[in-house]
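Please treat every number below as a calculation from the coordinates, not as lab data. Quick caveat: nothing in here was measured; it's all calculated off a predicted structure. All Cβ positions, glycine included, derive from the backbone under ideal geometry; neighbour counts span all protein chains shown.
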Amino acid sequence: MLDRIDTQSQQGFTAQYNILSDRSPPIGYAGQSDVIDLSDNDYGDFTIETDSEDMRIFVDQINVSDFASRATDSLDYMDLENTTLGQRTIEWALTKAAAYFYADPDAGETDFGYSSLGTDNAFPGMTHLAQSAGNDIDRTGVDVDADGFPVLEDLKAALTWAVEGTGLTYADAEIFVSPSLFDLLENEANPVTRLDSFSEGADFGARQLWIKGVRVTECPNIMPNFELPWDASPESPGNAFIIDRRSLQFRALAPLFTLPLGRDGLADKAAMAEYGTLIDKSHGEHTFWLEYDLGEVEFDPDGDGSGETA
């Protein structure tokens, strides 16, 4: 997910960006006598505005016992410090990806952890951006079990509507969906079985989908696999996001880094931090949040008919 949103460097305390909000019409087609002297006509003009978003601070800390580090190293078991850093980096990536979708600085939360995505210290995520522009769209009335291609056709219509009604283009658009919704789209798209060149292996199903040439990206972060304390992700497996990759960017004053905090005992302490914020140059006009009701997504790993609901 983090690879699909472009990151750009940004100086200062705020991320500043320009918005071209209006253009005057051209003089247009004219006769020869009209173009001899253009002094009575207006110059072509445009309106440019500057907007900004405050930089946000992500922080975590680690504490590695010197005794445990030496013991595991002597047994050739693991590099405890690198393992700890790796695990905390994974948690940073999961938190940031969740923030891209569901962070809401207006949710009124005050706690740390995943709850911090709902504090005023968080940047606005896609759900917040879409809601602010009136682009949160309830599609729970779509019958996902109907014959044909109900969700594919609905997403295609939504994409066409977004392009037709805004400055979004097919070339810059991308669609993010959960694994459950991607699987449903995959089944609707009549997946085929592909054999390798020597018929030694078969691959059933698609790993990539496109709708009208627009990439559909399967994103595990659109899942109720962590507890959000506010109602930001109803029917999360059925969420779909249409974005403009040219408008939606992450501006970074400093990418993820570690800072040693020294020792006050027999342990190494360090902080991990990132300074940056998510911006949308379209102010949410090119960001769309569609909510589908997938019902109960069931899988029966034991084959006993009991099933498990995702």
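Quick look at the values:
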quantity: Alpha carbon Rg of the stretch 1-149, scaled by the compact-globule rule 2.2 N^0.38 Å; calculated: 1.79
quantity: Whole-angstrom Cα spans of the chain along principal axes, big to small; calculated: 91, 54, 47
quantity: Förster-model FRET efficiency, 22 Å R0, Ala189 and Trp161, C-beta, rounded to 0.05; calculated: 0.60
quantity: Most mobile listed residue (Gly201, Gly113, Gly134) in the chain, GNM with C-alpha springs under 10 Å; calculated: Gly201
quantity: Normalised convex hull volume, the stretch 151-191, alpha-carbon set, Å³ per residue; calculated: 74
quantity: Note, ³J(HN,Hα) from phi for the stretch 162-167, Karplus 6.51, -1.76, 1.60, rounded to Hz, x at Gly and Pro; calculated: 5, 5, 5, x, 9, x
quantity: Normalised contact order of the stretch 85-129, rounded percent, pairs of Cα under 8 Å and 6 or more residues apart; calculated: 38
quantity: Nitroxide proxy distance, nm - points 7 Å out along Cα→Cβ at Thr110 and Arg207; calculated: 4.8
quantity: Max mean-square fluctuation residue, GNM over the chain, Cα-Cα springs under 10 Å, options Phe46, Phe149, Phe101; calculated: Phe46
quantity: Taking the chain and dividing mean pair separation by its residue count, relative contact order in percent (alpha carbons under 8 Å, at least six apart); calculated: 24
quantity: Expected 222 nm ellipticity per residue - DSSP helices of 4 or more, -39500 (n - 2.57), all of the chain, to 500; calculated: -7000 deg cm²/dmol
quantity: Positive-pole candidate from Ala68, Ile211, Met1, dipole of the chain, charges at beta carbon; calculated: Ala68
quantity: GNM result for the chain, Cα springs below 10 Å: residue of Trp289, Trp92, Trp161 fluctuating most strongly; calculated: Trp161
